[in-house]
Amino acid sequence: MRVVRLFLVMVCVTTAQAGELVKEQDVIIYQDDHFHSAFPSIVKLPSGELLCAFRRAPERRAYGEKGISHTDPNSYLVLVRSTDNGLTWSEQAELIFAHPYGGSQDPCMIRLQDGSILCASYGWARVNEDARAENPKMASAGEFLFLGGYIMRSTDDGNTWQGPIIPPPTPGCPREGLFHTPLPSYNRGAMIQGKDGKVYWAVATHLEMKGRTEIHLMASDDGGLTWEYSGPIAQDEKVVFNETSLYETPGGDLVAFVRTAGFDDHTVVVRSKDHGKTWSPWEDAGFQGHPHFALSLPDDKVFLIYGYRHKPYGIRARILNAECTDFATAEEIVLRVDGGGGDLGYPWATMTADGKVLAVYYFNKANGTRHIAGTVLSYR
């Protein structure tokens, strides 16, 4: 394995109390000045090996262009590996998938009980102005039309991938995908496999032609090969709900941690006590986050991590109780404040084989090339 640089940014020497999270160090997971790298997810294999997937696109400023974008026809899904609990990583990124019609975003991995790995993503196709005008039912962003979601699947620890699996559209969605077909369901955020064996996925959808999105639930009882619509999670006439991660508590509740727009970037929390058949009214968590990931800790408390896209830019977290009921009062933990702008975050996390927490996210310094970074933490 070739080893990339390891940066020790901050070491916390504070003596930890019981149940306290202590930052040990920050690490560079992947950095290449020719590539804009962003939107990671991470899984741990039974061997302890870690896989970190992310979206990699050309650093357009290196070509002489003035800026960078989250839509690019050459953005692909790749991964790197670590065999030493996240301290060093393979230098050469392995390809997960290059979409034949356009660029891909946000590879969101989950390792299932049978050992298979799902990786959900979505894509954008660059088309000219005439083509965009001919497709009024397709969501657009600049020169791009939206492809909707898809899922890749690996049964050999991420060495090879099968797919794409195309999920069904959300019922009632008026948007179309390419070739005037129904828009496949999509979202950025963590799926979960429940105690009942089903895989649950919170998807964003347009139920009107305006830009407002809602969150709905899809479920799979065959390991992500096929999906069925379950129902709405969060809807509002003014607040936009989008990137959502799910978590199942020891008591069996499904908890959705939702990113918003039009709501001062406040986090929203929604809960189901019947495995997604019905959901409580959404609640304002009272803090800003962009977006979130929830990790179960050894004592059943929950490590909730999120990007912070306001000055000082960085990464923040909270330790919630096992049932995630104290989100409004749990103390905020500041992990990083040295970001060079708001284009960062999208964290994910895992427990490592040596019992530590590894959080991964994308980051920038002084608005430089975006890279994949991580923070190692002790929990005692």
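Scan segment 27-71 for residues that are charged (D, E, K, R), more than 19 Å from MET191 (Cα to Cα) and crowded, with 22+ Cβ neighbours inside 10 Å and jot them down. Let's see the steps before the verdict.
Step one: of segment 27-71, the residues charged (D, E, K, R) are 32-33, 44, 49, 55-56, 59-61, 65-66.
Filter again for more than 19 Å from MET191 (Cα to Cα), leaving 32-33, 49, 56, 59-61, 65-66.
Residue satisfying the conditions is ARG56 alone.
Where residues in segment 285-299 are among the small types (Gly, Ala, Ser) and out of contact with any Asp or Glu (no Cβ under 8 Å at 6 or more places or on another chain), which of them is surrounded by the most Cβ atoms within 10 Å (Cβ to Cβ)?
Keep residues of segment 285-299 that are among the small types (Gly, Ala, Ser), which gives 285-286, 289, 294, 296.
Those still in the list that are out of contact with any Asp or Glu (no Cβ under 8 Å at 6 or more places or on another chain) too: 285-286, 294, 296.
Working: ALA285: 21, GLY286: 11, ALA294: 23, SER296: 15.
For segment 285-299, the residue satisfying everything is ALA294.
Could you check, for segment 300-309, whether at least one of its residues is within 17 Å of TYR247 (Cβ to Cβ), modelled with pLDDT of 95 or more and surrounded by fewer than 15 Cβ atoms within 10 Å (Cβ to Cβ)?
The initial filter retains those residues of segment 300-309 that are within 17 Å of TYR247 (Cβ to Cβ), namely 300-306.
Applying the additional criterion that residues be modelled with pLDDT of 95 or more yields 300-306.
Next, only the ones that are surrounded by fewer than 15 Cβ atoms within 10 Å (Cβ to Cβ) stay: 300.
Yes, there is a match, as at least one residue in segment 300-309 is within 17 Å of TYR247 (Cβ to Cβ), modelled with pLDDT of 95 or more and surrounded by fewer than 15 Cβ atoms within 10 Å (Cβ to Cβ).
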### Task
Output yes when any residue across segment 236-251 is closer than 14 Å to ALA120 by Cβ and part of a loop (DSSP other than H, G, I, E, B), and no when none is.
no
### Filter result (within 22 Å of GLY123 (Cβ to Cβ) and part of a loop (DSSP other than H, G, I, E, B)) within segment 211-226
GLY211, ARG212, THR213, GLY224, LEU225, THR226
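Would you please name the residue that is surrounded by the most Cβ atoms within 10 Å (Cβ to Cβ), looking only at residues in segment 90-101 that are outside any strand (DSSP E or B) and under 20 Å from the mean Cα position of the chain (by Cα)? Spell out how you get there, then give the answer.
Here is the first cut: in segment 90-101, the ones outside any strand (DSSP E or B) are 90-93, 98-101.
Now restrict to residues that are under 20 Å from the mean Cα position of the chain (by Cα): 93, 98-99.
Working: ALA93: 22, ALA98: 13, HIS99: 20.
Ranking the candidates gives ALA93 first.
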### Query
Do you know which residues across segment 163-210 are outside any loop (DSSP other than H, G, I, E, B), surrounded by 13 or more Cβ atoms within 10 Å (Cβ to Cβ) and not hydrophobic (A, V, I, L, M, F, W, C)?
GLY163, PRO164, GLU176, PRO182, TYR186, GLN193, TYR200, THR205
### Query
With (1) surrounded by 22 or more Cβ atoms within 10 Å (Cβ to Cβ); (2) over 30 Å from VAL22 (Cβ atoms) as the list, and ILE315 as the residue in question, which single condition is left unmet?
(2)
### Query
Considering segment 103-114 alone, what residues qualify as being surrounded by fewer than 22 Cβ atoms within 10 Å (Cβ to Cβ) and either basic (Lys, Arg) or in contact with a Pro (Cβ under 8 Å, 6 or more places away or on another chain) (or both)?
ARG111
### Task
Those residues that are surrounded by fewer than 20 Cβ atoms within 10 Å (Cβ to Cβ), aliphatic (A, V, I, L, M) and assigned to a strand (DSSP E or B), I need them from segment 132-162; list them, please.
ALA141
### Message
For segment 54-79, give me each residue that is part of a strand (DSSP E or B), aliphatic (A, V, I, L, M) and either under 16 Å from the mean Cα position of the chain (by Cα) or over 15 Å from PHE97 (Cα atoms) (or both).
### Response
LEU77, VAL78, LEU79
### Message
For segment 221-234: of the residues being over 20 Å from TRP282 (Cβ atoms) and in contact with a Leu (Cβ under 9 Å, 6 or more places away or on another chain), which is surrounded by the most Cβ atoms within 10 Å (Cβ to Cβ)?
### Response
GLY224
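Filter the strands (runs of 3 or more DSSP E) completely within segment 261-358 down to those with at least 1 residues that are touching a residue at least 40 places away in the same chain (Cβ under 8 Å) and under 17 Å from the mean Cα position of the chain (by Cα). Walk me through how you get there before you give the answer.
Values: elements: 266-272, 283-288, 290-296, 302-308, 314-320, 332-336, 345-351.
Output list reads 266-272, 290-296, 302-308, 314-320, 345-351.
The values are calculated or read from the model by the stated rules, or taken from the named source; none is laboratory data. Everything quoted here is computed from the prediction, not taken from an experiment. Here the Cβ is made from the backbone with ideal geometry for all residues, glycine too, and neighbour counts use every protein chain on show.
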